[in-house]
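Okay, structure first, notes after.
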Amino acid sequence: MPSSSSRRRAFSAADAGPRVSPEVEFLWWSECPSWERALADLRAAMVENGLDPASIVEREMASEAQAEAAGFPGSPTIRVDGADIAQPAEGMPRGLVCRVYLRRDGRVSPQPDPLDVRDALAARLSE
Amino acid sequence: MSIELGDTAPGFELPGTDGADHPLEAGGAKATVVYWTCNHCPYALAWHDRLLDVARDYADRGVRVLAVNSNDPDRYPADSFEAMSERVEGEGGWPHPFLHDASQEVAQAWGAEKTPHVFVLDGDLSLRYEGAPDSDHDDPTLGAEWLREALDAVLAGEQPERSRTPAVGCGVKWKP
């Protein structure tokens, strides 16, 4: 993981002052096809929040052992400064599986609601 | 291995959550839909209501619908027969049977690879469509339109224009 000193800096439109960007991790498993759409949504949310999408740390999970070591609840998973942007659904398997998300309108989806991604980044930046 | 368009689908008889055994061939159906699904896959869950709507909408047109779960329940307890039964009961019942392929032999014989994975058979149980319900799991307004198009063609005695589409979803969870 990069140290905080190596993180890129973002600029707040509100105060025009530099601030340390959060570390944004994207964990994924190739067998679950939703990762591509989720990564595109995450990149868009990064731009919307004034963050550089190139700074996303992408971590592919390729084995159950790797998934367990990473505490991987399913694909895709997005962490901001180590915190998952959503609570894993109860009663669902973990590891190398497609992860269940709930959209804001209550629909089940294999990727997080883009608004939740955007707001998770914004909330971290406002802390 | 997968069945080819025009092939007669392999027969089966599988237990359902309703306590009955359900054969593929029940007689009298003008078309039969068999789709693989499960309890834990977000793709299967996202398309679930659309597939149930198809079963309801086509029931009086001679279409029989069967859902099959073949996932390994040892590694995925959420897909056990007990969990299947609890789910159907918790949802107030489904308009079609939910069958358990515990040995996974039916999934292997049919070449089912994903949840969901949809197969449409004509009145002679020959394969006429295979693939996804529609083009986007995240767009419920699509209403399983590929499946409906296939059923409309089969009921009209025609081959669906779109006969195969990529099944999109979670892989069937095979036993080690």
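Out of A:25, A:68, report the one residue that is loosely packed, with under 14 Cβ neighbours inside 10 Å and either more than 14 Å from chain B (Cβ to nearest Cβ) or closer than 23 Å to residue B:74 by Cβ (or both).
Selected residue: A:68, the only one of A:25, A:68 that is loosely packed, with under 14 Cβ neighbours inside 10 Å and either more than 14 Å from chain B (Cβ to nearest Cβ) or closer than 23 Å to residue B:74 by Cβ (or both).
Is it the case that residue B:60 is farther than 24 Å from residue B:136 by Cα, in a helix (DSSP H, G or I), out of contact with any Pro (no Cβ under 8 Å at 6 or more places or on another chain) and at pLDDT 95 or above?
So residue B:60 passes the test.
I'd like to know if region B:85-93 contains one or more residues that are away from chain A (no Cβ under 14 Å) and assigned to a loop (DSSP other than H, G, I, E, B).
The answer is yes; a qualifying residue exists.
Can you name the number of the only condition in (1) in contact with a strand residue (DSSP E or B) (Cβ under 9 Å, 6 or more places away or on another chain); (2) closer than 25 Å to residue A:97 by Cα; (3) not in a loop (DSSP other than H, G, I, E, B) that residue B:78 fails?
Result: residue B:78 fails condition (1) only.
Quick one: is residue A:80 over 25 Å from residue B:115 (Cα atoms) and at pLDDT 95 or above?
Criteria met by residue A:80.
For (1) within 15 Å of residue B:55 (Cβ to Cβ); (2) within 13 Å of another protein chain (Cβ to nearest Cβ); (3) not in a loop (DSSP other than H, G, I, E, B), each residue gets a yes or a no:
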| residue | (1), (2), (3) |
| --- | --- |
| B:137 | no, yes, no |
| B:141 | no, yes, yes |
| B:148 | yes, no, yes |
| B:153 | no, no, yes |
| B:159 | no, no, no |
| B:168 | no, yes, no |
| B:175 | no, no, no |
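Each row is one residue, and each column tells you yes or no for (1) in contact with a Lys or Arg (Cβ under 8 Å, 6 or more places away or on another chain); (2) more than 14 Å from every other protein chain (Cβ to nearest Cβ); (3) at pLDDT 95 or above.
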position: B:23; (1), (2), (3): no, yes, yes
position: B:33; (1), (2), (3): yes, yes, yes
position: B:37; (1), (2), (3): no, no, yes
position: B:42; (1), (2), (3): yes, no, yes
position: B:76; (1), (2), (3): yes, no, no
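Can you go through B:77, B:140, B:73, B:42 and tell me which one is surrounded by fewer than 17 Cβ atoms within 10 Å (Cβ to Cβ), more than 10 Å from the chain's Cα centre (by Cα) and in contact (Cβ under 8 Å) with a residue 12 or more places away in the chain?
Criteria check complete, one pass: B:140.
List, please: which pairs have Cβ atoms under 6 Å, are six or more places apart or on different chains, and start with a residue in region A:109-127 that is within 21 Å of residue B:170 (Cα to Cα) and end with one that is assigned to a helix (DSSP H, G or I) and of a type in the set (Lys, Arg)?
Between residues of region A:109-127 that are within 21 Å of residue B:170 (Cα to Cα) and residues that are assigned to a helix (DSSP H, G or I) and of a type in the set (Lys, Arg), the close pairs are A:111/A:37.
When only residues in region A:76-123 that are within 17 Å of residue A:60 (Cβ to Cβ), at the interface with chain B (Cβ under 8 Å from one of its Cβ atoms) and of a type in the set (A, V, I, L, M, F, W, C) count, which is surrounded by the most Cβ atoms within 10 Å (Cβ to Cβ)?
So, considering only residues that are within 17 Å of residue A:60 (Cβ to Cβ), at the interface with chain B (Cβ under 8 Å from one of its Cβ atoms) and of a type in the set (A, V, I, L, M, F, W, C), the one surrounded by the most Cβ atoms within 10 Å (Cβ to Cβ) is A:98.
If you go through region A:17-55, how many residues are under 11 Å from the mean Cα position of the chain (by Cα) and among the β-branched types (Val, Ile, Thr)?
1
The values are calculated or read from the model by the stated rules, or taken from the named source; none is laboratory data. Please read these numbers as outputs of a predicted model, since none were measured by experiment. Every residue, glycine among them, receives a Cβ derived from its backbone with ideal geometry; neighbour counts consider all protein chains shown.
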